[in-house]
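No lab work stands behind these numbers, since they all come straight from the coordinates. From a predicted model like this one, the values you see are computed outputs, not experimental measurements. Cβ placement follows ideal geometry from the backbone for every residue including glycine, while neighbour counts extend to all protein chains displayed.
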């Protein structure tokens, strides 16, 4: 799953440079060039972080951040040439989560984005790439195919997590039942076969082997 970033920067060349770098770093970047466009974009699309310049046409970055904070908790990282303690303080008071002064290195920008994402959304390493177009978030129990979230039952997602954490190991039905059923639930072997089939349809039949009279093994 790619994290989606809104890049609000009116310098077209800089905007393109940052967007190209972040797209190559496995982010999904949407670029806009003024404050009003930034607000409209956040209302229309879910973003994981906003990179926000301060000196913008139509509405400055401070006002944009203050307006966004009325309705959204999306992390905001200010990217600006403005210096001085007053501007830094104002940025954080208006809802900023970080503040980067121009000029900055693209490597530093990525490190700061990763830090904010970890703080807000948890461990980025929890996202496991199952295949070229399938990813699974171990923390959130969310499966994505071609960038779109796949709707599965909670037990199916718990089962996939169990497989990914025990790659190559044969998991008995008893172990699986203990991990995906609550203590007051009655395990059901027919349901388990259905869960397995549903997972195979999404991630590939070859990735989950049936071990006769024993259980299942995820081979990746």
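Along its principal axes, the range 148-193 has C-alpha extents of 32, 24, 18 angstrom, given from the largest down. Under a Gaussian network description of the chain, with springs only between Cα atoms under 10 Å, the residue in 144, 183, 99 that fluctuates furthest is 183.
Considering every Cα-Cα pair within the range 23-88, what fraction, in whole percent, is farther apart than 19 Å? Counting pairs separated by more than 19 Å, the tail of P(r) holds 29 percent.
Across 134, 32, 150, mean-square fluctuation computed from a Gaussian network of the chain (C-alpha pairs under 10 Å connected) peaks at 150. Per-peptide packing, taken as the mean over residues of other Cβ atoms within 10 Å, places 184-195, 42-53 in the sequence 42-53, 184-195 from highest down.
For the chain, the share of DSSP beta bridges that are antiparallel, to the nearest 5, is 50%.
If you run the Gaussian network model on the chain, springs between alpha carbon atoms under 10 Å, then out of 120, 111, 29 the most flexible one is 111.
One quarter of the convex hull surface, Cα atoms only: what value does that give for the range 66-133 in nm²? So the mean shadow area of the Cα hull is 6.3 nm².
The stretch between residue 153 and residue 13, if pulled fully straight at 0.36 nm per residue, gains 45.9 nm over its current Cα-Cα span. Principal-axis analysis of the Cα atoms of the chain puts helix 154-165 at an angle of about 90° to the longest axis.
Computed over the range 3-122, the Cα gyration tensor eigenvalues convert (square root of 5λ each) into semi-axes of 18, 16, 15 Å, ordered from largest to smallest. Based on every Cα atom in the range 143-220, Rg and the maximum pairwise Cα distance Dmax equal 12.1, 36 Å. Taking each DSSP H run with n ≥ 4 as -39500 (n - 2.57) and averaging over every residue of the chain yields -12500 deg cm²/dmol at 222 nm.
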